[in-house]
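Below: the structure, in structure tokens.
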2 protein chains.
Amino acid sequence: MSFSFELAATDGAARAGMLHTAHGDVPTPTFMAVGTAGTVKAMTADAVRATGAKIVLGNTYHLMLRPTAERVARLGGLHKMMDWPGPILTDSGGFQVMSLAKLRKLDETGVTFRSHLDGSAHHLTPERSMEIQYLLDATITMVLDECTKFPATHDEAGASMRLSTRWAKRSRDAFVEREGYGQFGIVQGGVYEDLRRESAAALRELNFEGYAIGGLAVGEGQEMMFGMLDITTKLLPVQKPRYLMGVGTPDDLLGAVARGVDMFDCVMPTRAGRTARAFTSRGIFNLRNARFIDDGAPLDEACTCLCCTRHTRAYLHHLFRAEEMLGPMLLTLHNLTYYQSLMQGARAAILAGEYDAYCARVRAGWAEGGST
Amino acid sequence: MSFSFELAATDGAARAGMLHTAHGDVPTPTFMAVGTAGTVKAMTADAVRATGAKIVLGNTYHLMLRPTAERVARLGGLHKMMDWPGPILTDSGGFQVMSLAKLRKLDETGVTFRSHLDGSAHHLTPERSMEIQYLLDATITMVLDECTKFPATHDEAGASMRLSTRWAKRSRDAFVEREGYGQFGIVQGGVYEDLRRESAAALRELNFEGYAIGGLAVGEGQEMMFGMLDITTKLLPVQKPRYLMGVGTPDDLLGAVARGVDMFDCVMPTRAGRTARAFTSRGIFNLRNARFIDDGAPLDEACTCLCCTRHTRAYLHHLFRAEEMLGPMLLTLHNLTYYQSLMQGARAAILAGEYDAYCARVRAGWAEGGST
């Protein structure tokens, strides 16, 4: 099976598609659960599958430091190591080097840094990032880029984007083609339309298997993010998947899908689940709140996950108060299921040509709030 | 279904039986996973079931303080709250009051104490303990007793045992009979044969549905514990189940089964799982040990659990080094599966009349050690 993207339907700018990969198919729009260090936190791989997830994300920065890419390769690759035979997308490592590592120094060759774990020195270049992702056996490899900070002047954003473009070329050259595997370029350019145009045009020449939109959700706000999406998705090839990196809230996802995005990843559902926050069809709940202490209702009546069909809000409240691991486990399971069902519903609505009505219905549910 | 115990076979003093309860049958010998605060730590109820567990234990002390017995009752009982429709045994709360609570004061009426959580004052009497366990909807209710400390003089152990005997009578009077539910008395008497005899005789007059052996595994050592078991199990009715409280290591279990014990509980497999220690057919491993960093073998080749069939020792090592919750989750799952398979193997061996050979085989495996 060659790596390909099949567009099944459009509804306005919103798209329903199917991504074909060496490790299986992914109906889009899709949300990728984040499996930072070779595990989606608080979840067995079976539990991740039970949420409806079809593709997960691994973080190159974390994995290159521990257990190391070479070790993952010796263990048969990330799929085998984490019991996830389905598609895996890995990031390039660049974003987390800049946010987590110590003594970072960026130059034309790449970025040198010291590990936040043990202080060891590393040099991440486009070529090394591609090698690491190859060793991890990533189904989808991301180019190494610099995530332009926000705010940035036009000059700063332009210089940063052009560095990313040069690295994208080197990343493309270093990518090892394999049947059913793909590589995505990343459009940068900050909040400047002309820079986004320049970036997209340069990347299109490299003919990636897909295109990510980077440098958003970094503090610019939802309105500006949506504005940049309106501009940027139009610059990308229709027949290739589009991935909005690191986004976001359920509302962000609905809005980005409306603007032509096919793929997402974010730590939000997993991180929120560990801190007692639940995304539901009635909005966001904090299960630590005392109002749930005697609430015998399911967390989300509209949800079919194990957390919602077998347990009560009162039990979840108890688990978080007692600091039991089952609290994070159940709420992560629920949140990921909610994100998946949100994307499944979006896909069905796009196929039916009623995506706007779907979004309105979902948002009305959030506005209605909890029943307690 | 009335609460009953059916003896299927004996092999020496070892017994294979079947416990019939309102919430299902339990083949014995059996190990009860400890679900302290309404959850077996790091496990969904489905995962507990997948280990082969047929009965779990709940702790009255923890549950009476949080979420409270009355609240559990309002939520439909402990079975419903924790998604465990099978049998549940609850302890009386007495043991943990003495080990965890503050400002404990014991007198003839019961024990007064302050909660270790919020300092609130409580008075636990035999009658209140029975009421709490009734509210929790425990399939098996334990009498309130005093776990005699070790070492204790003959006088101390005698006075303590006689208080427990008086409390056992009050507990029996306060127990609400329900079809398929049972109550167990607890033999005390420290390490003194005459006191154990006196205790067992007095409890037999109360005609409990089962008998526990308390006050062991409190520092006396395995040899003395086995010696007291040799004496005590002979004092108990053949047609009633026997439960050795708070025990123990896999080797303790094999030896206690050989001496006529049918039921066990212990935090060891769950607690060990959270601290990277694995019980296996080749002995105990600490998965944090650096020797596992590149070990691509399954944790225990003889084990069919998800941890052993899907993952490597190297992955488990990685998860514990990275402090990922999946490490404790997988290792708890494995350890509980190991304990269950140990008891299942014991039952099959007793039924086949070859329990000694089974124990010899299992111990030889432990002695052989890991292959790496």
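Taking the conditions exactly as written (among the hydrophobic types (A, V, I, L, M, F, W, C), open to solvent by less than 60 Å² (accessible area, probe 1.4 Å) and over 28 Å from B:Ala45 (Cβ atoms)), does B:Val267 satisfy them or not? Criteria not met by B:Val267.
Hey, could you check the range A:328-363 for residues that are aliphatic (A, V, I, L, M) and closer than 18 Å to A:Leu299 by Cα and say which is surrounded by the fewest Cβ atoms within 10 Å (Cβ to Cβ)? Let's see the steps before the verdict.
Residues of the range A:328-363 aliphatic (A, V, I, L, M): A:329-331, A:333, A:336, A:342-343, A:346, A:348-352, A:357, A:360, A:362.
Checking the rest, the ones that are also closer than 18 Å to A:Leu299 by Cα come to A:329-331, A:333, A:336, A:342, A:362.
Numbers: A:Met329: 28, A:Leu330: 29, A:Leu331: 28, A:Leu333: 26, A:Leu336: 27, A:Leu342: 22, A:Val362: 18.
The residue in question is A:Val362.
Counting the residues of the range B:278-301 that are open to solvent by 50 Å² or more (accessible area, probe 1.4 Å) and under 14 Å from B:Trp366 (Cβ atoms) gives 2. Does B:Glu223 satisfy the criteria of being of a type outside the set (Phe, Trp, Tyr), closer than 21 Å to B:Ala346 by Cβ and without any contact (Cβ under 8 Å) to a residue 12 or more places away in the chain? When the stated conditions are applied, B:Glu223 passes them.
Quick check on the range A:94-136: of everything there that is of a type in the set (S, T, N, Q) and touching a Lys or Arg at 6+ places or on another chain (Cβ under 7 Å), which residue is surrounded by the most Cβ atoms within 10 Å (Cβ to Cβ)? Of everything passing the filter in the range A:94-136, A:Thr112 is surrounded by the most Cβ atoms within 10 Å (Cβ to Cβ). Kindly check whether there is at least one residue in the range A:310-327 that is at the interface with chain B (Cβ under 9 Å from one of its Cβ atoms), open to solvent by 50 Å² or more (accessible area, probe 1.4 Å) and more than 23 Å from B:Leu65 (Cα to Cα). Scanning the range A:310-327 turns up at least one residue that is at the interface with chain B (Cβ under 9 Å from one of its Cβ atoms), open to solvent by 50 Å² or more (accessible area, probe 1.4 Å) and more than 23 Å from B:Leu65 (Cα to Cα). Checked against the criterion of being assigned to a helix (DSSP H, G or I) and open to solvent by less than 10 Å² (accessible area, probe 1.4 Å), the range B:234-249 has no qualifying residue.
When the range B:11-33 is filtered for residues that are open to solvent by 10 Å² or more (accessible area, probe 1.4 Å) and either within 19 Å of B:Leu342 (Cβ to Cβ) or of a type in the set (Lys, Arg) (or both), the ones remaining, listed by number, are B:Asp11, B:Gly12, B:Ala13, B:Met18, B:Pro27. Here A:Gly38 clears all of (1) over 26 Å from A:Gly255 (Cα atoms); (2) surrounded by fewer than 24 Cβ atoms within 10 Å (Cβ to Cβ) except the condition numbered (2).
How many of the residues making up the range B:135-163 are polar (S, T, N, Q) and over 22 Å from B:Met224 (Cα atoms)? Outline the logic, then answer.
Pass one, the range B:135-163, residues polar (S, T, N, Q): B:139, B:141, B:148, B:153, B:160.
Pick out the ones that are also over 22 Å from B:Met224 (Cα atoms) and you get B:139, B:141.
Matching residues across the range B:135-163 total 2.
The C-beta contact set for the range A:144-167 (first residue open to solvent by less than 10 Å² (accessible area, probe 1.4 Å), second residue of a type in the set (Phe, Trp, Tyr), distance under 7 angstrom, 6+ apart or interchain) comprises A:Leu144/A:Trp167; A:Ala157/A:Tyr192.
Would you be able to tell me the number of residues in the range B:51-91 that are within 11 Å of chain A (Cβ to nearest Cβ), more than 19 Å from A:His317 (Cα to Cα) and small (Gly, Ala, Ser)? Outline the logic, then answer.
Our first condition is that a residue be within 11 Å of chain A (Cβ to nearest Cβ); within the range B:51-91, this holds for B:62-63, B:65-68, B:70-72, B:74-76, B:78, B:80-85.
Still in the list and also more than 19 Å from A:His317 (Cα to Cα): B:85.
Add one more test, that the residue is small (Gly, Ala, Ser), and what stays is none.
The qualifying residues number 0.
Could you check how many residues of the range B:46-84 are out of contact with any strand residue (DSSP E or B) (no Cβ under 9 Å at 6 or more places or on another chain), free of Cβ contacts under 8 Å to residues at least 60 places away in the same chain and surrounded by 22 or more Cβ atoms within 10 Å (Cβ to Cβ)? Residues flagged as out of contact with any strand residue (DSSP E or B) (no Cβ under 9 Å at 6 or more places or on another chain), free of Cβ contacts under 8 Å to residues at least 60 places away in the same chain and surrounded by 22 or more Cβ atoms within 10 Å (Cβ to Cβ) within the range B:46-84 amount to 2.
Within the range A:30-46, does at least one residue satisfy the condition of being modelled with pLDDT of 95 or more and touching a Gly at 6+ places or on another chain (Cβ under 6 Å)?
Our first condition is that a residue be modelled with pLDDT of 95 or more; within the range A:30-46, this holds for A:30-46.
Cutting the leftovers down to touching a Gly at 6+ places or on another chain (Cβ under 6 Å) gives us A:35.
Yes: one or more hits.
Please specify each residue of the range A:273-290 satisfying the condition of being within 14 Å of another protein chain (Cβ to nearest Cβ) and not in a loop (DSSP other than H, G, I, E, B). Once the filter is applied, which keeps residues that are within 14 Å of another protein chain (Cβ to nearest Cβ) and not in a loop (DSSP other than H, G, I, E, B), the range A:273-290 yields A:Gly273, A:Arg274, A:Ala290.
The values are calculated or read from the model by the stated rules, or taken from the named source; none is laboratory data. Computed from a predicted model, the values in this text were never measured in an experiment. Methodologically, a virtual Cβ is constructed for each residue, glycine included, from the backbone with ideal geometry; neighbour enumeration extends over all protein chains shown. Remember, those area values only see protein heavy atoms, side chains included, never the ligands or the DNA or RNA. Shrake-Rupley method; radii C 1.70, N 1.55, O 1.52, S 1.80 Å.
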